[in-house]
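The values are calculated or read from the model by the stated rules, or taken from the named source; none is laboratory data. Since the model is a prediction, treat every value here as computed from it, not as a measurement. Here the Cβ positions follow ideal geometry from the backbone for every residue, glycine too, while neighbour counts run over all protein chains shown.
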Amino acid sequence: MNSEAPQSPMPATPAMPATPPAPPRINRRRLLLSAAGGLGALAVCGGAGWWARRDTARGPRLWGSAALGGRVVLPAGARQGLYASGYDGSVRAIDPGSGAVLWSREIGAADPDGGSPGWQLADSGGWPLASGDGVVCVVSQARVQARVQVLDAASGDLRWEVALPDWAPSAWQQDPAVGGGGVYTVHGSSLHCHDTADGALRWSSDPGVSGRLALAGDTVFAAGERSGLLAFDARGGERRWAQAAVGRANGAPVVERGVVYVAQSGEGPGSATVFALDAASGQVLWRRGRMDVPQGPLSAADRTLCLLSGARLTALDAATGETRWTAAVPVGLGRGTGSMTAADGTAYVGTNDDRLFAFDLATGRLRWQDEPEHLDAAGEYTRVFLAAAGSAVFRGSRTGLHALGALPSA
């Protein structure tokens, strides 16, 4: 509930002059801008007032560090390693149980003009990152050059690096993929596979691929540059199928139990479509139209597909596309974008003001929520990144890295 400012006493009415002065000319543009600014100030003040009166909610916190933050990835479960790509341009390996930094490596791309890569990090929340096969892959870019660096996951030592010409960065769609002995990146509108061991180029696809990737088994899935979804043999690069019905993808595809899920972009409320495709053939299993455009990528777990659209979290039956439940999620009061992920019976939503919500994946019931002690609604722009495994969830943003839930005992 928004607070109301106390009313001031009405000023006394001055005596009317004998001859009223001519009314001043009104600058309509200035009037509209002033009105918009006033409404924005009221919204922020109302939100801050509500926040001050709230009952603080504290979730099952494990540890937190304000010195860390940014993108986070888990290669194969919470006990296998946690890696973060921070706003400061460094990649770190972190003990999932304690938050201790195991190693740290500063990542930067050569820039002959002497420019700083910070302008990219401010928008992306950290260099694009992936891990698996005992390595950590990170893509960095300065003003004129991008490159992929492959680090040893145990030590942080550089194994190899290669230049990525014509790489088009985007915070949500340009993460690399790694697995099966290969590192997969997109540049020059083609998909490229480098050998994980030495960086040798294995194969490159024909042009027409965007950076929205998913790797499952021996198949790498990529959204088309303009429309459609493509599937490639991960070992040799042969194209297995193309499905044009998907249209222009909104975010990276998600693969679970032999099914590929992807959302088609739309303009305005109720204009997106969610597709389920057979991973082996590309055949459309079902499609669900009139959906709100998802905020960030989809997430699938336990035969349930989740998408976050504004202030609503929706869970679909992964086999049919029918709605299982919807849940209201407060819109963040800060600046930036939130995130959502699902794992092991729980759907997590992180908002841009450092709140985190955990919903039961079967029923949509709120299990717990976690809030910071202080709200900074006027803070710097931040992106929220979530990684979950088992009953543990890791939340990275500009304000730090936090672990909540419960780690497996063995």
* To do: Keeping to segment 263-273, report how many residues are assigned to a loop (DSSP other than H, G, I, E, B) and over 22 Å from GLY364 (Cβ atoms).
  => 5
* Asked: Among (1) of a type outside the set (Phe, Trp, Tyr); (2) touching a helix residue (DSSP H, G or I) at 6+ places or on another chain (Cβ under 6 Å); (3) in contact (Cβ under 8 Å) with a residue 60 or more places away in the chain, which single condition is GLY251 missing?
  -> (2)
* To do: Kindly indicate which of ALA276, ALA242 is under 25 Å from the mean Cα position of the chain (by Cα) and either in a loop (DSSP other than H, G, I, E, B) or not hydroxyl-bearing (Ser, Thr, Tyr) (or both).
  => ALA276
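For every residue, the table says whether it meets (1) out of contact with any strand residue (DSSP E or B) (no Cβ under 8 Å at 6 or more places or on another chain); (2) of a type outside the set (A, V, I, L, M, F, W, C).
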site: GLY217; (1), (2): yes, yes
site: PHE221; (1), (2): no, no
site: GLY224; (1), (2): no, yes
site: GLU238; (1), (2): no, yes
site: ASN250; (1), (2): no, yes
site: TYR261; (1), (2): no, yes
site: SER265; (1), (2): no, yes
site: PHE275; (1), (2): no, no
* To do: Could you give me the residue pairs with C-beta distances under 7 Å whose first residue belongs to segment 290-305 and is within 15 Å of THR320 (Cβ to Cβ) and free of Cβ contacts under 8 Å to residues at least 60 places away in the same chain, whose second residue is aromatic (Phe, Trp, Tyr) and outside any loop (DSSP other than H, G, I, E, B) wherever it lies, and which are 6+ apart or on separate chains?
  => ALA300/TYR261; LEU305/TYR261
* Please specify each residue of segment 279-288 satisfying the condition of being part of a strand (DSSP E or B) and surrounded by 14 or more Cβ atoms within 10 Å (Cβ to Cβ). => LEU285, TRP286, ARG287, ARG288
* Across segment 175-196, what is the total count of residues that are in a strand (DSSP E or B), modelled with pLDDT of 90 or more and more than 16 Å from ALA249 (Cβ to Cβ)? -> 11
* Does segment 105-123 contain at least one residue that is under 21 Å from the mean Cα position of the chain (by Cα), at negative phi, of a type in the set (Gly, Ala, Ser) and modelled with pLDDT of 85 or more? -> no
* Considering only segment 128-174, give the strands (runs of 3 or more DSSP E) lying wholly within it that have at least 1 residues that are crowded, with 18+ Cβ neighbours inside 10 Å, within 23 Å of the chain's Cα centre (by Cα) and at pLDDT below 95. => 129-132, 135-141, 146-152
* Could you please let me know if GLY199 is outside any strand (DSSP E or B), surrounded by 17 or more Cβ atoms within 10 Å (Cβ to Cβ) and touching a residue at least 40 places away in the same chain (Cβ under 8 Å)? => no
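Are any residues in segment 310-323 surrounded by 18 or more Cβ atoms within 10 Å (Cβ to Cβ) and touching a residue at least 24 places away in the same chain (Cβ under 8 Å), and if so, which ones?
Matches in segment 310-323: LEU313, ALA315, LEU316, ALA318, GLY321.
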* If you check PHE221, PHE275, PHE232, which single one turns out to be of a type in the set (Phe, Trp, Tyr) and in contact with an Asp or Glu (Cβ under 9 Å, 6 or more places away or on another chain)? -> PHE232
* Go over the candidates ARG240, ARG235 one by one and state the one that is free of Cβ contacts under 8 Å to residues at least 60 places away in the same chain and over 15 Å from LEU277 (Cα atoms). => ARG235
* Structure fact -> Restricted to segment 94-104 and to residues being closer than 17 Å to ALA392 by Cα and not β-branched (Val, Ile, Thr), the residue surrounded by the most Cβ atoms within 10 Å (Cβ to Cβ) is PRO96
* Structure fact -> Of the residues in segment 352-369, those that are acidic (Asp, Glu) and touching a Gly at 6+ places or on another chain (Cβ under 6 Å) number 1
* Can we say ASP344 is in contact (Cβ under 8 Å) with a residue 40 or more places away in the chain, at positive phi and buried (at least 23 other Cβ atoms within 10 Å of the Cβ)? -> no
* Asked: Do we find that VAL293 is aliphatic (A, V, I, L, M) and assigned to a strand (DSSP E or B) in this structure?
  -> no
